[in-house]
Amino acid sequence: MTTTSAGTVIRPARARTAATGAALRRRQGFQHGGWFVAPFLALFALFVVWPLLRGLYLSFTDANISGDGAHFIGLDNYREALDDPLMWETLGHSAYFTLLVVPCITVLAFLLAMLAHHIERGKWLWRLCFFLPFLLPSTVAANLWQWLFNPGTGMVNHVFSIETPWLTDKSYAMLAVVVTTLWWTVGFSFLLYLAALQGIPAHLYEAAALDGANAWHRMVRITLPLLRNITGLVVALQILASLQVFDQAVVMMDFLPGPEGSTRTFVQYTLEEGFTSYRVGYASALSIIFFVIIAAVALARMWLLRTREEGVR
């Protein structure tokens, strides 16, 4: 006989029947649910898995854009990539852009969310203004700021009474792309922070105020610790997005690599090798290398999150 946790005694035959019925229900549930996820799985396999496998195969060949005459060359593309100074230069540009954007956008999004959360008048208008740029297409945002940074007719130099060649000097070109990206994408992180702030119970702040905590202490002791997970999410998403920067840098520089190649990113270099130099095999190898870098960043984020959760327990 079998005894359940509630103390009920079930005979062996009935226990086997119950187990068989439960297994049958799980199998039927999986079969029915499989029909609902089948379209997604088919599209995922068609547009993600198959291109990834195809790109992996092409990275071991000398394929060109015509698709003719591809020969297996082993790891030659990867050896060339690791010895390619331009690959490392463009990877450095992407990393530099990421190091500038991620801290700025995290802090700015948090401050805007705090402002929109505590302001009383016109709250909806402030939220709309902060989030609205994120709804613009990347080409629109890039063209807008290309005009604003124009040395002759742009408003940036006119407002600050300066004569900075933002888009024609390698010292300022990447900074112009960073400013454009901050204005364009901060709305998404702002929305995440705002939703998290609204989820913090008000009685925590009331209790802290009764204990004599001022606004600074309440933010440091209550708000920031409770937003730790959201901050980690924002940082991770921004790192992954910033490493893949392409649209705004290309459009602002009129589809050129910028002054002295200062804004040529890794993604742009990969596309140039594939569609300008017609070296599809080499471009595929660059894509696989970049995929490994992105996957490593994502796995590192998951590992840090799991380690922190285990430490809390």
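The values are calculated or read from the model by the stated rules, or taken from the named source; none is laboratory data. Everything quoted here is computed from the prediction, not taken from an experiment. Here Cβ is always computed from backbone atoms with ideal geometry, including for glycine, and neighbour counts include all displayed protein chains. Ligands, DNA and RNA are stripped out before the accessible areas are found, and what is left, the full protein with its side chains, is counted by its heavy atoms. Shrake-Rupley method; radii C 1.70, N 1.55, O 1.52, S 1.80 Å.
Could you tell me the relative contact order of the chain? Use alpha-carbon pairs under 8 Å, at least six residues apart, and round to a whole percent.
27 percent.
Considering only Val179, Val250, Val159, give the residue with the highest GNM mean-square fluctuation for the chain, with springs between Cα atoms whenever their separation is below 10 Å.
Maximum among the listed residues: Val159.
Excluding ligands, DNA and RNA, what is the solvent-accessible area per residue of region 198-313 at a probe of 1.4 Å, expressed in Å²?
Using a 1.4 Å probe on heavy atoms only, each residue of region 198-313 averages 57 Å².
Just going by the charge dipole of the chain, with Lys and Arg at +1 and Asp and Glu at -1 on Cβ, which of Val102, Ile293, Ile230 is farthest out on the positive end?
Going by the Cα projections, it comes out as Ile230.
Compute the Cα gyration tensor for region 84-171, then decide on rounded, prolate or oblate, letting a ≥ b ≥ c be the square roots of its eigenvalues: rounded whenever a/c is under 1.5, prolate when a/b is larger than b/c in the other cases, and oblate in all that remain.
Cα axes put region 84-171 in the oblate bin.
Classify region 35-152 from the C-alpha gyration tensor, please: rounded if a/c falls under 1.5, else prolate or oblate depending on whether a/b exceeds b/c.
Cα axes put region 35-152 in the prolate bin.
Go through region 57-133 and name the GluC sites (Glu not before Pro) that are in a DSSP coil and have 11 or fewer other Cβ atoms within 10 Å of their Cβ.
Filter output for region 57-133: Glu120.
Quick check: residue separation of Thr276 and Ile119 times 0.36 nm, minus the Cα distance between them. What number comes out in nm?
Value of the extension gain: 51.4 nm.
Karplus couplings for region 134-142 from phi (6.51 cos²θ - 1.76 cosθ + 1.60, θ = phi - 60°), rounded to Hz, Gly and Pro as x?
Running phi through 6.51 cos²θ - 1.76 cosθ + 1.60 with θ = phi - 60° gives 5, 7, 6, x, 4, 5, 5, 4, 5 Hz.
Out of all Cα-Cα pairs in the chain, roughly what percent, to the nearest whole number, are more than 38 Å apart?
38
Can you grab the distance from the C-alpha centre of region 233-260 to the C-alpha centre of region 152-167, Å, no decimals?
Using only Cα atoms, the two centres lie 22 Å from each other.
Which of rounded, prolate, oblate describes region 154-313, given a ≥ b ≥ c as roots of the alpha-carbon gyration tensor eigenvalues and a/c under 1.5 marking rounded, otherwise prolate only if a/b is larger than b/c?
Oblate, since a/c reaches 1.5 and b/c is not below a/b.
Please name which of Leu204, Val140, Leu256 has its Cα lying farthest along the dipole of the chain towards the positive end, using unit charges on Cβ (Lys, Arg +1; Asp, Glu -1) and the Cα centre as origin.
My answer, from the dipole projection, is Leu204.
How far apart, in nm, are two points set 7 Å out from the Cα along the Cα-to-Cβ line at Phe160 and at Gln198?
Each label point is offset 7 Å from its Cα along the Cβ direction, giving 3.5 nm.
Considering the chain as a Gaussian network with a 10 Å cut-off on Cα pairs, which listed residue, Thr231, Thr106, Thr153, attains the greatest mean-square fluctuation?
Thr153
Near the amide H of Thr61, under 5 Å away, which other amide H atoms are found, from residues 5 or more places off or on another chain, if H is placed in the peptide plane?
Ile73
What number, rounded to the nearest 500 deg cm²/dmol, is the helix-based mean residue ellipticity at 222 nm of the chain, given -39500 (n - 2.57) per DSSP H run of at least four residues and division by all its residues?
The per-residue figure over the chain is -22500 deg cm²/dmol.
Of the heavy-atom accessible surface of region 234-313 (probe 1.4 angstrom), what whole percent is carbon and sulfur?
Answer for region 234-313: carbon and sulfur cover 67 percent of the accessible area.
Subtract the Cα-Cα distance of Trp303 and Phe255 from 0.36 nm times their separation in residues, and report this length gain in nm to one decimal.
Additional length available on full extension: 13.5 nm.
Convert each backbone phi in region 109-119 into a coupling constant with the Karplus relation 6.51 cos²θ - 1.76 cosθ + 1.60 (shift: θ = phi - 60°), then list the ³J(HN,Hα) values in order as whole Hz, x for Gly and Pro.
5, 5, 5, 5, 5, 4, 5, 5, 6, 9, 5
Can you give the charge dipole size of the chain about its Cα centre, rounded to the nearest 20 debye, using +1 on the beta carbon of Lys and Arg and -1 on the beta carbon of Asp and Glu?
Using Cβ point charges on Lys, Arg, Asp and Glu, the chain gives about 2260 debye.
Counting other Cβ atoms within 10 Å of each Cβ, which trypsin sites (Lys or Arg not before Pro) in region 32-127 have at most 15 and sit in a DSSP loop?
Passing both the DSSP loop test and the Cβ count: Arg121.
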